[in-house]
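Please read the structure below before turning to the comments.
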């Protein structure tokens, strides 16, 4: 299977301070992968490198076919056309309708023909189950519906990969599960997903590959049972 992310011995800095080092990560097409770790360990830093907001300062790395060590500023918009990004706080433009939010992104990524743009916007809204909300304002939608719009926006350019940074962080448990089912369905259709989360109940309920960020690097963990923050080990007899 083709690799959408391949990082070898990578080092990533933020404000000239090394946040992650000796990073070795491979993700192939159609994979659903979790990125877990405590707050402040570098989950968002890793995602920022993947979409070109931070440089890969050492090692080798390709993301959706782009060499991250040779990435130039002019390449970043093209890289981001092949990557969808979903944030915890939705980041919708609150002064315009759902449809206008999507048209704004299509225009920004080089689409020209209005009819084609509208058709694509309706297509992705149908994919996430909220086509009937196309002309509503974001404030008229529930949190779960707003996150569906954000996922639809990430799908506009038929990305090879979606990077999701705590996409269920602001949602109640039931809505979180709906969003998870949607994301897993999207990965099965052919778009790889790397999802940063600290919600271990979701990881247990919807198993996938798990990468853990700790001690300034990223390791794959064999079983989620190795990382149970609620488990307390008592000596025998207690």
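See the values below:
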quantity: Tabulated pairs, the stretch 105-126, first without any contact (Cβ under 8 Å) to a residue 40 or more places away in the chain and on the phi > 0 side of the Ramachandran plot, second assigned to a helix (DSSP H, G or I) and surrounded by 12 or more Cβ atoms within 10 Å (Cβ to Cβ), C-beta under 8 angstrom, 6+ apart or interchain; calculated: 110/81
quantity: Residue within the stretch 193-215 that is under 16 Å from the mean Cα position of the chain (by Cα), modelled with pLDDT of 90 or more and within 24 Å of residue 122 (Cα to Cα) present; calculated: yes
quantity: All positions within the stretch 108-121 that are within 22 Å of the chain's Cα centre (by Cα), surrounded by fewer than 18 Cβ atoms within 10 Å (Cβ to Cβ) and either in a helix (DSSP H, G or I) or at pLDDT 95 or above (or both); calculated: 108
quantity: Residue that is touching a strand residue (DSSP E or B) at 6+ places or on another chain (Cβ under 9 Å), outside any strand (DSSP E or B), surrounded by 16 or more Cβ atoms within 10 Å (Cβ to Cβ) and in contact (Cβ under 8 Å) with a residue 40 or more places away in the chain, where the choices are 35, 47, 20; calculated: 47
quantity: Selection status of residue 96, out of contact with any strand residue (DSSP E or B) (no Cβ under 9 Å at 6 or more places or on another chain), on the phi < 0 side of the Ramachandran plot and in a helix (DSSP H, G or I); calculated: no
quantity: So residue 71, is it part of a loop (DSSP other than H, G, I, E, B), touching a residue at least 12 places away in the same chain (Cβ under 8 Å) and in contact with a strand residue (DSSP E or B) (Cβ under 7 Å, 6 or more places away or on another chain); calculated: no
quantity: When residues of the stretch 131-163 are limited to those that are touching a strand residue (DSSP E or B) at 6+ places or on another chain (Cβ under 9 Å) and assigned to a helix (DSSP H, G or I), the one nearest to residue 91 (Cα to Cα); calculated: 150
quantity: Qualifying residue in the stretch 219-229 (condition: modelled with pLDDT of 90 or more and surrounded by 11 or more Cβ atoms within 10 Å (Cβ to Cβ)); calculated: yes
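The values are calculated or read from the model by the stated rules, or taken from the named source; none is laboratory data. Keep in mind that this is a model prediction, so the values were computed, not measured. No Cβ is skipped: glycine too gets one built from the backbone with ideal geometry, and neighbour counts run over all protein chains shown.
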